[in-house]
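Below: the structure, in structure tokens.
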Amino acid sequence: HRIIGRLCEVFRAAHGLDLGADAVALQRLKYGAERARQILSERTEADLELPMLASGGQGVSYRLTRDELETLCGDLLERLAEPCAAALASAALEPRDIDRLILGGGMSLMPAVRARVEAVFGRKAVAPASPEEAVAVGAALSVHLHGRAADG
């Protein structure tokens, strides 16, 4: 959402138009933003080329850097420690009690997210290449630790 907001600002500055109510343009921006986020998990820059966003054919070209993304998401990164601490507290665990830290979900591939979580837990995290893989590993660990699920 932060990337989409930035792209809308760039588009508005370039063309004087607001894309806020255009569902098709917003869907294209969402796709481009997600792709940029994925690229920035591996590289320091992502070039976004999104032509034909408006009915007049206007588009947006923008180079987003990892540093800019981290600035756009800075408040979210700061808030990340709280749910980690809450999860530990609800499980009555300390960071030293965690043997292996496995991150799941697309945002866990973002280097700043990984660094923040690693700082909270004081250890390196494992982030599988596929977020679905992390979910499967978590489910397997849960079954291993708690026995067979009641519903099979």
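The values are calculated or read from the model by the stated rules, or taken from the named source; none is laboratory data. What you see is a predicted model; the values in this text were computed from it and never measured. Note: ideal-geometry Cβ built from the backbone for every residue, glycine included; neighbour counts use all protein chains shown. For accessibility, only protein heavy atoms count, side chains too; no ligands or nucleic acids. Shrake-Rupley method; radii C 1.70, N 1.55, O 1.52, S 1.80 Å.
Here is the figure for segment 26-45: residues that are more than 12 Å from R6 (Cβ to Cβ) and among the hydrophobic types (A, V, I, L, M, F, W, C) total 3. How about segment 37-47: which of its residues are within 19 Å of A25 (Cα to Cα) and either modelled with pLDDT of 95 or more or open to solvent by 90 Å² or more (accessible area, probe 1.4 Å) (or both)? Scanning segment 37-47 gives a single hit, D47. Restricting E42, E34, E78, E68 to those that are more than 25 Å from A140 (Cβ to Cβ), of a type in the set (D, E) and under 12 Å from the mean Cα position of the chain (by Cα) reduces the list to E34. For A54, the requirement of being more than 30 Å from V137 (Cα to Cα), aliphatic (A, V, I, L, M) and surrounded by 18 or more Cβ atoms within 10 Å (Cβ to Cβ) is not met. Among what's in segment 100-140 and is open to solvent by 70 Å² or more (accessible area, probe 1.4 Å) and modelled with pLDDT under 75, pick the residue that is farthest from A86 (Cα to Cα). Here the residue is A129.
For segment 57-71, a residue qualifies if it is surrounded by fewer than 16 Cβ atoms within 10 Å (Cβ to Cβ) and either out of contact with any strand residue (DSSP E or B) (no Cβ under 8 Å at 6 or more places or on another chain) or β-branched (V, I, T) (or both), and the qualifying residues are G57, T65, D67, T71. Scanning segment 13-41 for residues that are assigned to a loop (DSSP other than H, G, I, E, B) and in contact (Cβ under 8 Å) with a residue 60 or more places away in the chain gives a single hit, S41.
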